[in-house]
Amino acid sequence: MAVGFEYNKSLKKWEAVTLGSEGLFSKFILRLKHLKDRVQRDPSGENEDVTDYVVTITETGTNAAVPCTFGGTGIGSKIIIVGNNGNVVCTAKRHRFTFNVESNRFISVFLYGYVDGEDDNRNMPMMFGGTCEKQID
């Protein structure tokens, strides 16, 4: 499922559209490399069991694994922490992903284009979501 903004050249305005399933990250493999389990404090100050992962996304049909990171640079940005909510949140190629490891559902947003003032469809803002098949290597 995908929705976004598209520039209509004949009307000279942006419109909301339903998008097809083609494009960057339309089909991909998410890999979670387990690093360790540990305990950390949650925002309310309570102890929470968490798991640290290194996450990569590989577009189907390619061999190029892209790091999916969480803010900044360096080794700290490559470690994705999954806590009680079961969500993996990371960014790859300007797409922000949220995966839930329990429901196998995901949402991704691409928040570039439109605000740059360029009236074309090279960087269409969009949101897409779907379900994942779980495979264990």
*asked:* Suppose only helical runs count, i.e. DSSP H with n ≥ 4. What mean residue ellipticity at 222 nm does that imply for the chain under -39500 (n - 2.57) per run, divided by all residues and rounded to the nearest 500 deg cm²/dmol?
replied: -500 deg cm²/dmol
_If the rule is a partner Cβ under 4.7 Å, which cysteines in the chain fail it?_
C132
*Phi-based couplings in Hz for the range 39-45 (Karplus 6.51, -1.76, 1.60; Gly and Pro marked x)*: 10, 9, 7, 7, x, 8, x
*Amide H to amide H under 5 Å from V88: which residues, 5+ apart in sequence or cross-chain, H placed 1.01 Å off N in plane?*
F99, N100, V101
*Pop out the ³J(HN,Hα) list for the range 55-70 in order, Karplus 6.51 cos²θ - 1.76 cosθ + 1.60 with θ = phi - 60°, rounded to Hz; leave Gly and Pro as x.*
10, 10, 10, 10, 5, 4, x, 10, 10, 8, 6, 9, x, 10, 10, 10
*asked:* I'm a student and want to see the number: the projected area of the Cα convex hull of the range 2-131, averaged over all directions, in nm².
replied: 9.9 nm²
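Bear in mind these aren't lab numbers, they're just calculated from the coordinates by the rules spelled out. Quick caveat: nothing in here was measured; it's all calculated off a predicted structure. Neighbour counts are summed over all protein chains in view; Cβ atoms, including those assigned to glycine, are modelled from backbone coordinates with ideal geometry.
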